[in-house]
Amino acid sequence: MSYYHQRRTLLEKIPLASSATGILGLTSTAINAEKTITNAIFPEIDPKKLNIGIFIYPHMTMLDAYAPLQALAISKQFNVFTFAKTQQLLPSDANVNLVPNYSFSNCPNIDVLIVPGSANPLEQLNDIEVINYIKEVGNQAKYITSVCTGALILAEAGLLDNFSTTIHWAYSDILKYYPNVTYINQRVVKDRNRISGGGITAGLDFSLALIAEISNASTAQALELLLEYDPQPPFNTGNHNTAPPKLKNQIQQKVHHIAKDLFERNRISLKI
């Protein structure tokens, strides 16, 4: 029996938290700690396959991570798992708690690192433990990738120095904080072993491009059909290059409000 199977078997024997724990006076932290142990999931690791690790963190944009995860997992070509700083339940931007497969302390080696974004990743940018760990993983990975503002976390870790990247268009000015990083106004950007996707839904385009790169184009084409990935947006305003200027300005202002401290950091640094 493998280490992961042994650990999972042991964890499954630990009693679940009672539904009356709140009445008994346990704090939400205690309840979450119980869930952290009992809900741990350790995926089967096939040593013949590449390990793709997706970093997840509090208040992240769920689709940034889970759209690529769905495409990559359904391909059956890789070992795909999520990891986080700890194995506690993580709140997402969609009012859904996320359960990481691994924590920093027990995460398997990662061949392909994926860092998704959030509406305001400043907390992660300021977390030295997170940045150091991402840098360590990135320095050993074969591919370093991101979706949306996940590019900022990679940039903060120095993993995009002298590389090109894309990011959600409304956050592209933040990349000026990193003078050695070049922003490319495209939905998906590949620069050597760095691959990035733009905002949120671009994560699907990104994942298909990634699969074509690390597996083959035929697999990616088959998955595109299996997923029936044939976008037909009802309003045709999703491309910021062609969206009505008034609407684009409204969205940009909304983003500035949501991530005010992030943009303020950028403005002060650049003395804008």
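The values are calculated or read from the model by the stated rules, or taken from the named source; none is laboratory data. Keep in mind that what you see is a predicted model, and the values were worked out from it rather than measured. No Cβ is skipped: glycine too gets one built from the backbone with ideal geometry, and neighbour counts run over all protein chains shown. Side chains included, ligands, DNA and RNA excluded: accessible areas come from the protein's heavy atoms. Shrake-Rupley method; radii C 1.70, N 1.55, O 1.52, S 1.80 Å.
Can TYR102 be described as among the aromatic types (Phe, Trp, Tyr) and surrounded by fewer than 22 Cβ atoms within 10 Å (Cβ to Cβ)?
Details: among the aromatic types (Phe, Trp, Tyr): yes; surrounded by fewer than 22 Cβ atoms within 10 Å (Cβ to Cβ): yes.
Yes.
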*Hey, PHE206 hits all of (1) among the aromatic types (Phe, Trp, Tyr); (2) assigned to a loop (DSSP other than H, G, I, E, B); (3) surrounded by 13 or more Cβ atoms within 10 Å (Cβ to Cβ) but one; which does it fall short on?*
(2)
*asked:* Return the residues of region 35-68 that are surrounded by fewer than 21 Cβ atoms within 10 Å (Cβ to Cβ), of a type in the set (Asp, Glu) and modelled with pLDDT of 95 or more; say none if nothing qualifies.
replied: ASP46
*Hey, which of the strands (runs of 3 or more DSSP E) in region 93-185, taking only ones fully inside, have at least 3 residues that are closer than 15 Å to VAL80 by Cα, of a type in the set (Val, Ile, Thr) and at pLDDT 95 or above?*
112-115
*Members of region 113-129 found to be under 15 Å from the mean Cα position of the chain (by Cα) and either surrounded by 21 or more Cβ atoms within 10 Å (Cβ to Cβ) or more than 24 Å from ALA67 (Cα to Cα) (or both), listed by number*: LEU113, ILE114, VAL115, PRO116, GLY117, SER118, PRO121, GLN124
*Tally time: how many residues in region 165-197 are over 20 Å from PHE55 (Cβ atoms), in contact with a Lys or Arg (Cβ under 9 Å, 6 or more places away or on another chain) and open to solvent by less than 30 Å² (accessible area, probe 1.4 Å)?*
1
*Would you point out which residue out of ILE251, ILE268, ILE214, ILE200 is surrounded by fewer than 16 Cβ atoms within 10 Å (Cβ to Cβ) and in contact (Cβ under 8 Å) with a residue 60 or more places away in the chain?*
ILE251
*So which residues in region 223-243 are part of a helix (DSSP H, G or I) and open to solvent by 60 Å² or more (accessible area, probe 1.4 Å), if there are any at all?*
GLU224, LEU225, LEU226
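Give the number of residues within region 244-266 that are part of a loop (DSSP other than H, G, I, E, B) and either of a type in the set (Asp, Glu) or within 21 Å of the chain's Cα centre (by Cα) (or both). Write out each step before concluding.
First, pick out the residues of region 244-266 that are part of a loop (DSSP other than H, G, I, E, B): 244, 259.
Add one more test, that the residue is either of a type in the set (Asp, Glu) or within 21 Å of the chain's Cα centre (by Cα) (or both), and what stays is 259.
Qualifying residue count for the region: 1.
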*Would a scan of region 76-90 turn up a residue that is basic (Lys, Arg) and under 17 Å from LEU208 (Cα atoms)?*
yes
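Just need a number here: residues in region 99-115 that are in contact with a Pro (Cβ under 8 Å, 6 or more places away or on another chain) and not hydroxyl-bearing (Ser, Thr, Tyr).
Residues of region 99-115 that are in contact with a Pro (Cβ under 8 Å, 6 or more places away or on another chain), as a first pass: 101-102, 114.
With not hydroxyl-bearing (Ser, Thr, Tyr) added as a condition, the list becomes 101, 114.
Number satisfying all stated conditions: 2.
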*Can you spot a residue in region 132-150 that is buried (at least 17 other Cβ atoms within 10 Å of the Cβ), among the small types (Gly, Ala, Ser) and farther than 24 Å from GLY238 by Cβ?*
yes
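Can you confirm whether TYR178 is touching a Cys at 6+ places or on another chain (Cβ under 9 Å), closer than 19 Å to PHE263 by Cα and among the aromatic types (Phe, Trp, Tyr)?
no
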